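Before any comments, here is the structure.
The values are calculated or read from the model by the stated rules, or taken from the named source; none is laboratory data. All of these numbers come straight from a predicted model, not from anything done at the bench. Glycine also receives a Cβ, built like all others from the backbone with ideal geometry; neighbour counts cover every protein chain displayed. The area values use the complete protein model at the heavy-atom level, side chains included, leaving out ligands, DNA and RNA. Shrake-Rupley method; radii C 1.70, N 1.55, O 1.52, S 1.80 Å.
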Amino acid sequence: MSKTALDRLIELINEGLSNDVRGTGRGIWFEADFDEISTLSEICSDDLPKKFLSLANSKYPFGKSDQYQLALRLKRSIEVQNKFGSPETVSNDTALVPVFTLNSKDRARVLELCSDMRKIILASTDFDEPHKIHLLNRFA
């Protein structure tokens, strides 16, 4: 069912893109068409970008130009996700971040070593200023 729903959604977007933006007045989509877009986007929500879903649930665009612009934004959100991937697929999993605990003696030693590294970086003539700043930020 999702494949058919997605096909219908693309068909409605293409209809919106067929609006003649040179003219004024009511666009090709009726309120029922826009309700259908909203419903279909919920059905296909696993396959669509979040931006698409927020656009599909926005206020009904009455005019030709507004409908064309919305259809273009809907289409573009799908194209961007297809080309660059979904932000949801990028892992922000903190389980991959190394975590460790130190006793107070070890913690003091680590901080001392970091301080020594900062002094070495600051005194070095091998790095330009932007690179020094980058390295110093790594030890912050």
Protein accessible area in the chain, 1.4 Å probe - carbon and sulfur % | 56 percent
May I have the convex hull volume per residue, in Å³, for the Cα set of the range 26-139?
-> 187 Å³
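Mind giving me the FRET efficiency for L136 and K75? R0 is 30 Å, r the Cβ-Cβ distance, nearest 0.05 is fine.
0.10
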Ordering of 21-33, 40-52 by packing [mean C-beta count within 10 Å, highest first] | 40-52, 21-33
What spacing in nm lies between the two simple spin-label points modelled at D128 and I10, each 7 Å away from Cα in the Cβ direction?
-> 4.7 nm
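Over the chain, with the other protein chains present, what is the accessible area per residue in square angstrom, probe 1.4 angstrom?
On a per-residue basis, 72 Å².
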Set of lysines near K75 by C-alpha distance (under 26 Å), chain-local residues within fewer than 8 positions excluded | K3, K50, K51, K59, K64, K83
Which value at 222 nm does the chain reach when only helices count, each DSSP H run of 4 or more adding -39,500 (n - 2.57), with the total divided by all residues and rounded to the nearest 500 deg cm²/dmol?
-> -20000 deg cm²/dmol
Can you give the FRET efficiency for L53 and I28, using 1/(1 + (r/R0)^6), R0 = 25 Å, r = Cβ-Cβ distance, to the nearest 0.05?
-> 0.70
Heavy atoms of Y60: accessible area, 1.4 Å probe, square angstrom to 10 | 50 Å²
Going by the alpha-carbon gyration tensor, a ≥ b ≥ c the square roots of its eigenvalues, is the range 20-87 rounded (a/c under 1.5) or, if a/c is not under 1.5, prolate (a/b greater than b/c) versus oblate?
-> oblate
